[in-house]
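Trainee: Sending over a structure as structure tokens; questions will come in a sec.
Each value in this text was obtained by applying a stated rule to the coordinates, not by laboratory testing. What you see is a predicted model, and the numbers here were worked out from it, not measured in a lab. Here the Cβ positions follow ideal geometry from the backbone for every residue, glycine too, while neighbour counts run over all protein chains shown.
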Amino acid sequence: MALSSGKPSNRTQKELAIEAVKNIDNEPKKIKMHRFNVDIPETLHREMKIKAVQEGVTLNVLATKIFNEYLSK
């Protein structure tokens, strides 16, 4: 909980705690990630990096997108 300047809050510690717990549901959930190493030809790697730059995403995001598209078929 961040400190704020100004007037003190009229809310009790209990009310503040309840509000903090409610806000937990609004926070984005972290997805557990696993490392996946694969050997690919240098030309394919270069093409993927170029495509990632064109789309404005990282190579990891592009690879995840490709895997998801393939697996959804």
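Trainee: Lysines near K51 by alpha-carbon distance under 21 Å, same-chain residues fewer than 8 away left out - which ones?
Mentor: Within the straight-line cut-off, K51 pairs with K65.
Trainee: So if each residue of separation counts as 0.36 nm, and I subtract the Cα-Cα distance between V57 and I40, what length gain in nm does that give?
Mentor: 4.2 nm
Trainee: Which of the chymotrypsin sites (Phe, Trp or Tyr not before Pro) across the range 33-71 are loop residues per DSSP, with 12 or fewer other Cβ within 10 Å?
Mentor: F36
Trainee: Kindly put K73, K51 in sequence by how many other C-beta atoms sit within 10 Å of each C-beta, fewest to most.
Mentor: Ascending number of Cβ neighbours within 10 Å: K73, K51.
Trainee: Here is a follow-up. So, in nm, how far is label N68 from label Q13 when the simple model puts each one 7 Å beyond its Cα toward the Cβ?
Mentor: 4.3
Trainee: In which sequence would V38, V57 go, from the one with the fewest C-beta neighbours within 10 Å to the one with the most?
Mentor: Ordered by Cβ neighbours within 10 Å, fewest first: V38, V57.
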